[in-house]
Amino acid sequence: MERPAMQDGRTGQAGPRTVVTHLPHRSVMPYYSVADDTLDMGASLGNSALWVTTLGTGAIQQVFDTDLGELLLNSMCVRYAGLGRRPLEHGVTPDAGSAPSYVTLEQEEQGSFDIHPAYQRHRFAVAGAVQVTETVFVPLGTGTDPPDDPPLVYQMVHLRNENDVSIALRVYGYARLRGSLDADVEARYDPVLRALVAHNVGRPDAVRVFGVTMPPSGYATSFDYARVYNLLHLSALDNTTTARGDILGCLQVDLELAPGEGSTVAFIAALSGRGEARAVAAYRAGQGAQAALDATLQSLEDALSCGRVLTPDPIINQGALWAKVNMRRVMARYPQGAAFTNEPGVSSNVVGRDVGWFVYGNDHFAPDFSRALLDTFARLQYPDGKIPEYYSALDGRVEDYGLNINDDTPLFIQAVNHHYRATGDLAWLGGIYPAVARAARYIMSQEDERGLVFCSARDPRGNVWAIASWRNVIPQYSINGAVTELNAECCAALRSAGHLTQNLGLADDEAQAFFDAAQRLRDAMDRHLLNPANGLYYLNIDVDGNVHSDVTGDEVFPVMFRVCDDDVGFRIISRLNSPDFWTSAGLRTASRNDPLYDPFRYVGLMGGVWPGLTWWYAFAAARYHPEFMVEALRASFRHYAVAPNVNNTVPGQFSEWFDGESLVNRGMRLSPWEPPRFMWAAVEGVCGLMLTPGQPRIRPLVPSTWKWVALRQAPYHGQLLTYFAARQEGEFHIYANVAIDTPHTAECFDEDVSGQVHAFSASAAVVALRRPGCLLVLVGNVGDGTTVVPLDLHRVADPGVDYDLRIYNSERSAWESPQRVGGEVACSLAVSIEANGYRAVELMEVEGKTA
């Protein structure tokens with residue numbers, strides 16, 4: 001397969017004509033630019049109020065209202081027409097005095113899509129040289145605490161006439177207004193709003209406002225769906241709204257553009273399940289489309305500046321950034337509070353295990369949202385301590401699938417422990433601790449006579465009700481009894497419960513009881529669940545005592561949760577790195593040689609490739625084979641951009657799972673549970689950050705060929721943590737803006753000033769730290785060749801002061817000879833950096849010396 005330009009214009013694996021470019025230097029947001037014949041489906045966009053899917057044509061496919069839990073719009077698209085009277089129309093010559101006649105103007109040549117964190121943009125030409133730019137986006141407000149975004153979706157159009165003559169254009173906006181509700185939609189035109197205001201007769205509070213930012217020259221409701229793709233005569237809209245039912249809302253804008261002239265018009269939809277007043281208020285407030293886009297860009301830029309993963313590998317860096325983008329898109333506000341669902345745009349159910357894993361990654365990006373998720377599950381906990389499998393975000397109804405124990409309960413404890421260690425908030429921990437203690441005691445109550453946590457559920461009908469595992473939707477299949485995955489999670493959860501008890505300064509005997517229970521469970525796992533024939537774990541010993549020796553991707557759990565010996569962990573990581581499990585897109589859930597292997601049925605859980613499993617493996621492999629970790633992180637994320645029209649993917653968008661053979665995406669377009677797993681593995685695996693109740697512990701676990709790794713502005717105990725880990729003479733030196741715990745040499749600075757340094761290179765990753773009299777600028781090369789990086793330090797260095805300048809050269813593994821320079825020189829330096837290398841530029845103020 002062709003491997004064209006990919007990362008920041010450099011060579012790498014990607015789909016045909018797939019290129020990543022960057023916005024201007026002030027932005028942290030790269031975007032993909034792809035030819036518009038390379039996408040079979042468009043991006044999925046979301047804010048806290050709406051979920052929007054788009055087509056490979058650039059049109060909006062569906063709009064889901066999260067508050068209502070229903071689709072309120074189907075397709076929304078824009079069409080273009082120009083003046084033109086066909087000589088014969090169905091054998092009839094038009095009257096020369098009739099109204100102007102228009103014909104559809106179609107895209108004539110290949111265009112392009114920009115897949116941006118904030119929007120999807122389609123560029124193409126019509127009518128010879130009329131350049132069209134269509135931008136679809138949903139507006140974002142500020143913060144994620146939780147987010148409160150307006151229920152709006154925009155389709156903004158910019159037209160520019162590059163012909164030598166003026167041209168008259170007619171722009172049509174269409175929206176199918178029914179959504180998933182009954183076919184009883186009626187609408188009226190409001191001239192003040194310049195919009196159609198529609199509702200269901202049977203549900204009058206379900207309202208859509210579909211309008212345009214320019215005064216329209218026509219409007220209508222209609223059943224004439226064919227007019228959307230009619231290539232011949234297009235009549236003017238008749239300004240009537242008598243059509244009712246499964247109707248098409250239609251708006252028409254007429255323009256005349258002189259040579260070189262441009263014009264922008266936006267079609268806007270505002271939705272509400274709570275009545276017309278709310279929809280109209282949102283629509284009125286959102287009239288400035290460009291201002292809304294600018295605010296969205298700023299909001300997203302602010303959010304993405306937190307938890308920036310910087311490594312020599314650009315694919316991992318971009319994966320971490322797009323993981324945050326994808327997480328932000330699924331953060332929604334429901335009647336039950338802030339949450340994300342297991343299938344955005346389809347379901348309103350919030351799953352316990354998904355929340356647990358989401359917290360692991362999201363704590364490094366938007367911890368306030370993590371807290372809201374955990375607080376809701378604590379509120380909905382069963383009285384006996386069990387955590388529900390899921391709850392409805394609409395009405396709070398809970399479900400446990402009839403399982404006496406599943407992974408939701410231990411993962412809740414683990415997520416609480418992770419969030420406390422990320423935030424250091426003892427007051428919050430004190431409030432949620434009773435739920436933690438109840439959950440831990442419930443786990444202990446579900447142990448059998450062997451000391452193993454035991455799921456007693458059966459499913460005689462062969463549905464999916466007896467699977468105590470993350471792979472819980474496989475029909476005609478059970479994973480019950482003593483399950484290795486579940487026991488590993490419970491062992492880690494009991495250990496975490498002990499730590500949390502200690503953190504609160506509660507009775508020592510209570511903490512020790514949890515620690516002892518964790519140790520007993522681990523011992524029981526070693527006695528009963530380790531297979532003496534191969535030194536790996538059984539999948540499970542079922543409720544009838546049958547031993548299942550299947551080796552699956554689930555083997556990662558004892559390694560991830562550190563409940564196995566190192567030799568067992570090493571054996572598991574090596575076994576899963578074998579060809580029967582591994583593909584270019586990541587790890588199969590089951591061996592290709594397994595009699596049960598099925599690469600495309602059963603939601604990929606019997607042989608498909610799940611990126612989330614691949615990233616679990618990445619984290620688990622870090623201690624044993626850092627190079628496996630790096631390749632695992634790269635593999636699945638890279639695959640999203642490989643031939644998207646073949647693989648049914650969208651670059652930068654974390655789809656759910658791939659066929660185990662063809663590697664085509666067969667799951668959700670954007671899976672809410674995959675991005676946080678990538679983020680977790682990148683931050684706590686690659687960057688080596690370990691959360692503690694005190695100082696952050698930093699121990700990078702990276703391949704021996706890597707000379708540096710960095711993390712910028714990661715939320716930690718109410719601060720933003722930044723550090724740069726640099727290999728110097730074979731050992732890591734950690735430079736940070738806060739006091740840290742590390743086995744390596746560490747140097748602490750007072751502040752992170754990275755945002756005030758500009759590096760004129762797309763290959764440069766910069767961390768700048770300052771303390772009185774000293775500035776240290778660390779510049780890593782993320783490119784695949786030597787690069788020269790000019791640095792602008794005027795905002796962090798004083799042109800009027802002399803400096804002693806030292807530069808550490810990673811290629812030579814040594815500090816270069818120091819020299820004294822004037823402030824003007826210090827403010828405008830340039831460094832040459834080898835591939836995968838870095839330079840540390842140290843500027844020490846010379847006391848009493850001014851330039």
- Could you grab me the full set of residues in the stretch 351-385 that are closer than 18 Å to residue 435 by Cα and either in contact with a Leu (Cβ under 6 Å, 6 or more places away or on another chain) or among the aliphatic types (A, V, I, L, M) (or both)? 351, 353, 355, 356, 359, 372, 373, 374, 378, 380
- Item | Number of the condition not met by residue 376 [criteria: (1) crowded, with 19+ Cβ neighbours inside 10 Å; (2) out of contact with any strand residue (DSSP E or B) (no Cβ under 6 Å at 6 or more places or on another chain); (3) not in a loop (DSSP other than H, G, I, E, B)] | (2)
- Among the numbered conditions (1) of a type outside the set (Phe, Trp, Tyr); (2) in contact with a strand residue (DSSP E or B) (Cβ under 7 Å, 6 or more places away or on another chain); (3) at pLDDT 95 or above, tell me where residue 762 comes up short. (3)
- Given (1) in a loop (DSSP other than H, G, I, E, B); (2) aromatic (Phe, Trp, Tyr); (3) crowded, with 24+ Cβ neighbours inside 10 Å, residue 600 misses just (3)
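Taking the condition of being buried (at least 17 other Cβ atoms within 10 Å of the Cβ) and either over 26 Å from residue 734 (Cβ atoms) or modelled with pLDDT under 95 (or both), how many residues in the stretch 822-845 meet it? I'd like the intermediate steps shown before the answer.
We begin by selecting, within the stretch 822-845, every residue buried (at least 17 other Cβ atoms within 10 Å of the Cβ); these are 823, 826-827, 829, 831, 833-834, 836-843, 845.
Narrowing the set further to residues that are either over 26 Å from residue 734 (Cβ atoms) or modelled with pLDDT under 95 (or both) leaves 823, 827, 836.
Final tally of qualifying residues: 3.
From the list 498, 462, which residue is of a type in the set (Gly, Ala, Ser), under 27 Å from residue 529 (Cβ atoms), modelled with pLDDT of 95 or more and out of contact with any Cys (no Cβ under 9 Å at 6 or more places or on another chain)? First the steps, then the outcome.
Working: 462 fails: modelled with pLDDT of 95 or more.
From the options 498, 462, the qualifying one is 498.
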- Flag if residue 746 is among the aliphatic types (A, V, I, L, M) and open to solvent by 50 Å² or more (accessible area, probe 1.4 Å): yes
- Considering only residues that are farther than 19 Å from residue 457 by Cα and open to solvent by 60 Å² or more (accessible area, probe 1.4 Å), look in the stretch 529-545 and name the one that is nearest to the chain's Cα centre (by Cα). 534
- Give the number of residues within the stretch 172-195 that are within 18 Å of residue 251 (Cα to Cα), open to solvent by less than 20 Å² (accessible area, probe 1.4 Å) and either charged (D, E, K, R) or under 34 Å from the mean Cα position of the chain (by Cα) (or both). 6
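Look through 698, 740, 734 and report the one residue that is out of contact with any Ser or Thr (no Cβ under 7 Å at 6 or more places or on another chain) and β-branched (Val, Ile, Thr). Reasoning before the result, please.
On the way: 698 fails: out of contact with any Ser or Thr (no Cβ under 7 Å at 6 or more places or on another chain); 734 fails: out of contact with any Ser or Thr (no Cβ under 7 Å at 6 or more places or on another chain).
Matching residue, one of 698, 740, 734: 740.
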- Close pairs (8 angstrom Cβ cut-off, 6 or more residues apart or separate chains): under 8 Å from residue 660 (Cα atoms) in the stretch 590-602, modelled with pLDDT of 95 or more and of a type in the set (S, T, N, Q) anywhere: 599/662; 600/662
- Item | Filter result (farther than 15 Å from residue 757 by Cα, of a type in the set (A, V, I, L, M, F, W, C) and open to solvent by less than 60 Å² (accessible area, probe 1.4 Å)) within the stretch 785-821 | 801, 805, 807, 814, 821
- Query: Do you know which of the residues in the stretch 205-253 that are among the charged types (D, E, K, R) and in a loop (DSSP other than H, G, I, E, B) is surrounded by the most Cβ atoms within 10 Å (Cβ to Cβ)?
  - Reply: 246
- Message: Looking at residue 812 and the list (1) assigned to a loop (DSSP other than H, G, I, E, B); (2) touching a residue at least 60 places away in the same chain (Cβ under 8 Å); (3) of a type outside the set (S, T, N, Q), which single condition is not satisfied?
- Response: (2)
- Message: Tell me whether the stretch 310-330 contains one or more residues that are open to solvent by 40 Å² or more (accessible area, probe 1.4 Å) and outside any strand (DSSP E or B).
- Response: no
- Output the number of residues of the stretch 645-659 satisfying the condition of being surrounded by 24 or more Cβ atoms within 10 Å (Cβ to Cβ) and either at pLDDT below 95 or closer than 11 Å to residue 610 by Cα (or both). 4
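On the given criteria, is residue 453 over 22 Å from residue 373 (Cα atoms), without any contact (Cβ under 8 Å) to a residue 60 or more places away in the chain and surrounded by 22 or more Cβ atoms within 10 Å (Cβ to Cβ)?
Numbers: over 22 Å from residue 373 (Cα atoms): yes; without any contact (Cβ under 8 Å) to a residue 60 or more places away in the chain: no; surrounded by 22 or more Cβ atoms within 10 Å (Cβ to Cβ): yes.
No: the conditions fail for residue 453.
Test of understanding: among 791, 769, 805, 776, which residue is part of a strand (DSSP E or B), aliphatic (A, V, I, L, M) and over 34 Å from the mean Cα position of the chain (by Cα)? First the steps, then the outcome.
On the way: 791 fails: over 34 Å from the mean Cα position of the chain (by Cα); 769 fails: over 34 Å from the mean Cα position of the chain (by Cα); 776 fails: over 34 Å from the mean Cα position of the chain (by Cα).
Only one candidate passes the filter, namely 805.
Report whether or not residue 141 is small (Gly, Ala, Ser) and in a loop (DSSP other than H, G, I, E, B).
On the way: small (Gly, Ala, Ser): yes; in a loop (DSSP other than H, G, I, E, B): yes.
So residue 141 passes the test.
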- Item | Looking only at the stretch 701-723, and only at residues there that are open to solvent by less than 10 Å² (accessible area, probe 1.4 Å) and without any contact (Cβ under 8 Å) to a residue 60 or more places away in the chain, the one that is nearest to residue 811 (Cα to Cα) | 723
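The values are calculated or read from the model by the stated rules, or taken from the named source; none is laboratory data. As the structure is a prediction and not an experimental result, all values here were calculated from the model. All Cβ positions, even for glycine, are placed from backbone atoms using ideal geometry, and neighbour counts span all protein chains on display. SASA here: full protein model, heavy atoms, side chains in, ligands and nucleic acids out. Shrake-Rupley method; radii C 1.70, N 1.55, O 1.52, S 1.80 Å.
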